[in-house]
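The values are calculated or read from the model by the stated rules, or taken from the named source; none is laboratory data. Every value quoted in this text rests on a predicted model; they were computed, and no experiment measured them. As a convention, Cβ positions derive from the backbone with ideal geometry for all residues, glycine included, and neighbour counts pool all protein chains shown.
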Amino acid sequence: MSSHKTTFQFISEPGDVNFGGKVHGGTVMKWIDQAAYTCARNWAESYCVTVYVGGIRFYKPIGIGEVIKIDSQVIYTGSSSIHIMVEVYSRTFEQKKFEKKTHCIIIFVSVDENGNPKKK
């Protein structure tokens, strides 16, 4: 059964650190791509490729050792494209609520075994 939402939760690690002591922006972008791909793949029920990443907005830095939550959700589908909204949240273990840290939109295209767009 296809799903239109996916959530990942994990802890940021020391290997994610940048020179400023926070999580590297490129690492956050990798997490976003992984969560969005999982959401798109579940929705399409076939292999998907990223065709667009836009509107990425980093609101606040993420600390090492924080709990990360990444919500991805299908917000629009075309004949072969899947538009995914991704929001990244984090919190310390002492905090009760997550705080939004990053937002973006990613578009995937479902493809067949030859790499051609596959209609759903």
request  = Could you pull out the residue among Ser72, Ser80 that is hydroxyl-bearing (Ser, Thr, Tyr), within 25 Å of Ile11 (Cα to Cα) and either touching a residue at least 12 places away in the same chain (Cβ under 8 Å) or out of contact with any helix residue (DSSP H, G or I) (no Cβ under 9 Å at 6 or more places or on another chain) (or both)?
outcome  = Ser72
Top-ranked residue in region 1-29 [being assigned to a helix (DSSP H, G or I) and out of contact with any His (no Cβ under 9 Å at 6 or more places or on another chain); ranked as nearest to Lys100 (Cα to Cα)] = Val28
ask   = Give me the pairs: first residue in region 1-18 and farther than 18 Å from Ser72 by Cβ, second residue at pLDDT below 95, beta-carbon distance under 7 Å, and six or more apart or on different chains, which are they?
value = none
query = Which pairs have Cβ atoms under 6 Å, sit 6 or more apart or on different chains, and link a residue in region 92-108 that is of a type in the set (Val, Ile, Thr) to one that is part of a loop (DSSP other than H, G, I, E, B)?
reply = Thr92/Glu66
query = Which condition number in (1) within 15 Å of the chain's Cα centre (by Cα); (2) farther than 23 Å from His4 by Cβ; (3) crowded, with 19+ Cβ neighbours inside 10 Å is the one that Glu66 fails?
reply = (1)
request  = Could you check Asp71 against (1) over 30 Å from Lys119 (Cβ atoms); (2) among the charged types (D, E, K, R); (3) touching a Phe, Trp or Tyr at 6+ places or on another chain (Cβ under 8 Å) and say which number it fails?
outcome  = (1)
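Specify the residue that is surrounded by the most Cβ atoms within 10 Å (Cβ to Cβ); the eligible residues are those in region 37-63 that are charged (D, E, K, R) and touching a Ser or Thr at 6+ places or on another chain (Cβ under 7 Å). Write out each step before concluding.
First pass over region 37-63, keeping only residues charged (D, E, K, R): 41, 45, 57, 60.
Adding the requirement that they be touching a Ser or Thr at 6+ places or on another chain (Cβ under 7 Å) leaves 45, 57.
On the way: Glu45: 12, Arg57: 10.
This residue is Glu45.
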note = If we ask which residues in region 30-77 are of a type in the set (Val, Ile, Thr), touching an Asp or Glu at 6+ places or on another chain (Cβ under 8 Å) and either at pLDDT below 95 or part of a strand (DSSP E or B) (or both), their number turns out to be 3
